[in-house]
Amino acid sequence: MKTLALFLSALLFVAAPLRAADAPDMLRVLAYERSIPREVCLSFTEKTGIPVEVVSTISSMEAADFLYRKKEAFDLLILSNDVVRAMRDRDRLVPLNLKKIRNISEIKSVWSKAAGDAQGKFRIPFDVAAMGILVNKSVPQPPVTGYMDAFRKPRPGGVAVMVDQRDLLAAALLSLGASVNELSTDNLRASRSILKDWLRNIAPGSSAVWSNDHAAAFNALRKDFVEGRLGAALLYSGDAYSLMTEYPGRFEWITPTEGSLKYMTVLAIPANSTKADAAHQFIDFILDPRIAGELVTSASPGLGLNLPKEKIPLNFYGNPANIEASQLMDDFSVQSDITREPRQEVLDLFKSLPAPTAPPAP
């Protein structure tokens with residue numbers, strides 16, 4: 001769901017050395033990149049003595065790969081509501097003990113309702129993000145208002161697609177005026193025609209991102225984008241925010257006129273967790289308003305911001321523990337069937353597309 005640096009390997013956060021005999025078991029967390037900054041993990045470890053291992057993922061497809069294909073065990077999930085809901089449907093979550101999460105009172109009820117679990121029995125809303133287009137203002141190019149002109153008008157180096165294939169398909173469906181979940185034969189056929197057209201102006205390295213070679217391809221695209229070899233990027237708001245924060249004045253965020261794919265990140269405890277008590281402690285810790293304040297000023301996967309609206313460079317934002325619900329919660333376009341893999345028809349569609357090509361970099 002946004003990358004200053006991408007690591008597929010686990011990141012180990014330990015506040016202070018512990019003697020082997022005294023060291024508690026590690027709390028293992030699967031989370032989107034940068035959702036939990038290192039400093040927050042260090043603070044939790046210092047307070048509780050519980051070290052935290054965060055395994056980072058940059059997409060829902062990659063997260064599902066950890067959970068289903070690799071069958072890795074985690075104690076806490078900080079993932080898309082769709083991925084977590086699919087696990088709940090398979091009885092792969094444990095009920096939350098809200099008595100152990102005192103800071104649940106910081107969550108506005110409208111956010112819990114939007115997450116589809118108003119009582120917080122299995123998942124707690126954490127933050128939200130939206131897909132859009134980031135324009136590199138240092139690269140001369142035609143104006144961008146949405147997906148169609150971003151991909152159809154030649155741009156130096158092309159558009160970097162830093163999202164999954166389902167997200168790119170969602171952009172095509174929105175351009176058709178269709179729901180991102182209307183995967184009918186006619187819509188897929190029409191989307192294929194649009195995508196085939198767009199591929200003439202998509203940065204070639206993008207295909208490695210949506211075919212699951214995520215980290216290396218994402219890093220390469222990000223480097224080319226930052227260094228001015230690519231004109232624009234399709235990505236999520238958290239990624240955009242991190243770039244706009246790191247390089248002030250260089251980029252401009254565009255909310256596509258055709259609409260935006262949005263998602264909510266939630267907190268949940270998987271059924272195979274062996275440290276549910278520590279997971280409850282960590283949830284309560286990051287929902288504490290003081291800690292949430294640290295999260296919202298970091299480059300997190302969604303925009304957890306409690307800043308004045310006029311200071312926010314993007315127009316979709318929200319941290320359930322810090323601000324009132326935005327009206328934008330009412331116009332979510334959310335993919336509903338992300339589980340282990342996209343539907344076979346979607347996989348077949350992308351296999352049938354030619355490789356991306358684009359004008360040379362400036």
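The values are calculated or read from the model by the stated rules, or taken from the named source; none is laboratory data. Fair warning: this is a prediction, and the values are worked out from it, not measured in the lab. Neighbour counts are summed over all protein chains in view; Cβ atoms, including those assigned to glycine, are modelled from backbone coordinates with ideal geometry.
Looking at segment 57-149, the helices (runs of 4 or more DSSP H) lying wholly inside it that each contain 3 or more residues that are over 16 Å from the mean Cα position of the chain (by Cα) and of a type outside the set (Val, Ile, Thr) sit at 81-89, 109-114. Just one of the listed residues (6, 11) is modelled with pLDDT under 90 and part of a loop (DSSP other than H, G, I, E, B), and it is 6. Checked against the criteria, residue 184 does not count as buried (at least 17 other Cβ atoms within 10 Å of the Cβ) and closer than 18 Å to residue 351 by Cα.
Quick grid of which residues meet (1) under 29 Å from residue 180 (Cβ atoms); (2) of a type in the set (S, T, N, Q); (3) over 19 Å from the mean Cα position of the chain (by Cα); (4) crowded, with 22+ Cβ neighbours inside 10 Å:
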{"site": "257", "(1), (2), (3), (4)": "yes, yes, yes, no"}
{"site": "269", "(1), (2), (3), (4)": "yes, no, no, yes"}
{"site": "272", "(1), (2), (3), (4)": "no, yes, yes, no"}
{"site": "279", "(1), (2), (3), (4)": "no, no, yes, yes"}
{"site": "284", "(1), (2), (3), (4)": "no, no, yes, no"}
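Just one residue in the set 224, 197, 239, 186 is in the same structural domain as residue 152 (by TED's automatic domain parsing), in contact with a Lys or Arg (Cβ under 6 Å, 6 or more places away or on another chain) and farther than 30 Å from residue 97 by Cα; that residue is 239. Residue 188 passes every criterion in (1) outside any helix (DSSP H, G or I); (2) in contact with an Asp or Glu (Cβ under 7 Å, 6 or more places away or on another chain) apart from (1).
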